[in-house]
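Here is the structure we will look at, set down as structure tokens.
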Ligand SMILES: C[S@@+](CC[C@H](N)C(=O)[O-])C[C@H]1O[C@@H](n2cnc3c(N)ncnc32)[C@H](O)[C@@H]1O
């Protein structure tokens, strides 16, 4: 971005002046082009992330309004958010439990609450929109007495909702995620129906086979927002294939279309293993559940 403009933005923001002039300048700089992530980072470095901003914090409402304005400009220009803007979009007013907080989600029949981190890079400690879209689907199913197996469970979101809806759930993830799943299950009064188990998609096939052999046959297998890293596409597809070969469970996969290439790569891994993919209808609250994700969640069922 233009050096003069950046310097204006830095000074103007630092003084906490009314924002209309600030936006005029920023909008003039962006023009009709996409408000690309590098420009967002440049602006954030001069404002919210300025080295002095932590020492001399301005009004948090001002900061939040500014971040919302930047997101709005990225949205209308069709550009993705920069990493810092993604992280800041989770910003909440400061409080004693700011790093960790509960989100409460109301489904038709019940409420579920999940302790999560505001740091998006703690991916296993955030409730992702795809998890909630699956959760809403689960809440609309008859699950009494059924077993549900969840892959990449994170906060335990889908397993806990399944348990609330009457199922017994096996919530799996990397070992580091298990204690949070257990405490979230406890908070939601379903600890007796949610079993947190380590299941790493990347271990050798024989190890996965032995682990799957210890589990009861699930009626439903879930993977919500597990398609996000290129190097995990093949291992995850292999686990799903092993599950589909072993059992006749329904397999439900929900993904946010953050990076088109990763989704495409996963689709190819599934096709290579002979899976067919059918879209399922999302529940009526999907818009709310997905509201902090600009790319819609796809809810699908896989069959071999
Ligand atoms: C984006 S989060 C989704 C969490 C949750 N399903 C949701 O929708 O909120 C992806 C999850 O996959 C898990 N994961 C990443 N690599 C994994 C692996 N190799 N084996 C098992 N789980 C993995 C992460 O720990 C994380 O909990």
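Can you name the helices (runs of 4 or more DSSP H) wholly within segment 187-304 that have at least 3 residues being out of contact with any strand residue (DSSP E or B) (no Cβ under 8 Å at 6 or more places or on another chain)? Outline the logic, then answer.
On the way: elements: 205-213, 230-246, 260-272, 286-289.
Hits in segment 187-304: 205-213, 230-246, 260-272.
What is the residue count in segment 1-32 for residues that are part of a loop (DSSP other than H, G, I, E, B) and more than 20 Å from residue 83 (Cβ to Cβ)?
Narrowing segment 1-32 to residues part of a loop (DSSP other than H, G, I, E, B): 1-2, 15-18, 31-32.
Filter once more, so that each one left must be more than 20 Å from residue 83 (Cβ to Cβ): 2, 15-18, 31-32.
Going through segment 1-32 one residue at a time, the tally reaches 7.
For segment 228-237, which positions are farther than 12 Å from residue 263 by Cβ and within 7 Å of the ligand (Cβ to nearest atom)?
Within segment 228-237, 232, 235 meet the criteria.
Can you name every residue in segment 90-122 that is at pLDDT 80 or above and within 16 Å of residue 179 (Cα to Cα)?
Those that are at pLDDT 80 or above and within 16 Å of residue 179 (Cα to Cα): 113, 114, 115.
Any idea how many residues of segment 197-227 are within 12 Å of the ligand (Cβ to nearest atom), touching a helix residue (DSSP H, G or I) at 6+ places or on another chain (Cβ under 7 Å) and free of Cβ contacts under 8 Å to residues at least 60 places away in the same chain?
Residues meeting the conditions: 6.
Scan segment 157-177 for residues that are within 10 Å of the ligand (Cβ to nearest atom) and either at pLDDT below 95 or surrounded by fewer than 23 Cβ atoms within 10 Å (Cβ to Cβ) (or both) and jot them down. Working first, answer last.
So in segment 157-177, the residues within 10 Å of the ligand (Cβ to nearest atom) come out as 157-159, 171-177.
If the condition is that a residue be within 10 Å of the ligand (Cβ to nearest atom) and either at pLDDT below 95 or surrounded by fewer than 23 Cβ atoms within 10 Å (Cβ to Cβ) (or both), then 157, 174, 175, 176, 177 are the ones that fit.
When only residues in segment 249-262 that are farther than 13 Å from residue 301 by Cβ and surrounded by fewer than 18 Cβ atoms within 10 Å (Cβ to Cβ) count, which is nearest to the ligand (Cβ to nearest atom)?
Filtering first and then ranking leaves 258.
Collect the residues in segment 126-136 that are surrounded by 24 or more Cβ atoms within 10 Å (Cβ to Cβ) and more than 6 Å from the ligand (Cβ to nearest atom), keeping them in residue-number order. First the steps, then the outcome.
Here is the first cut: in segment 126-136, the ones surrounded by 24 or more Cβ atoms within 10 Å (Cβ to Cβ) are 127-128, 130-135.
Once the filter is applied, which keeps residues that are surrounded by 24 or more Cβ atoms within 10 Å (Cβ to Cβ) and more than 6 Å from the ligand (Cβ to nearest atom), segment 126-136 yields 132, 133, 134, 135.
Quick one: would you say residue 56 is more than 30 Å from residue 155 (Cβ to Cβ) and crowded, with 17+ Cβ neighbours inside 10 Å?
On the way: more than 30 Å from residue 155 (Cβ to Cβ): yes; crowded, with 17+ Cβ neighbours inside 10 Å: no.
Against the criterion (more than 30 Å from residue 155 (Cβ to Cβ) and crowded, with 17+ Cβ neighbours inside 10 Å), residue 56 does not qualify.
Do the conditions hold for residue 149, that is, is it assigned to a loop (DSSP other than H, G, I, E, B), surrounded by 19 or more Cβ atoms within 10 Å (Cβ to Cβ) and more than 9 Å from the ligand (Cβ to nearest atom)?
Taking the combined requirement at face value, the residue does not satisfy it.
Could we say that residue 81 is under 26 Å from residue 132 (Cα atoms) and modelled with pLDDT of 80 or more here? Don't jump to the end; show me each part of the working.
Working: under 26 Å from residue 132 (Cα atoms): yes; modelled with pLDDT of 80 or more: yes.
Considered against the rule, which asks whether it is under 26 Å from residue 132 (Cα atoms) and modelled with pLDDT of 80 or more, residue 81 comes out as yes.
I need the full set of residues from segment 178-195 which are within 16 Å of the ligand (Cβ to nearest atom) and either outside the structural domain of residue 243 (by TED's automatic domain parsing) or surrounded by 22 or more Cβ atoms within 10 Å (Cβ to Cβ) (or both), in order please.
Within segment 178-195, 180, 181, 184, 185, 194 qualify.
Filter segment 209-230 down to the residues that are modelled with pLDDT under 95 and surrounded by fewer than 22 Cβ atoms within 10 Å (Cβ to Cβ), then identify the one that is nearest to residue 135 (Cα to Cα).
228
The values are calculated or read from the model by the stated rules, or taken from the named source; none is laboratory data. Here the structure is a predicted model, which means the values were calculated and not measured. Here the Cβ is made from the backbone with ideal geometry for all residues, glycine too, and neighbour counts use every protein chain on show.
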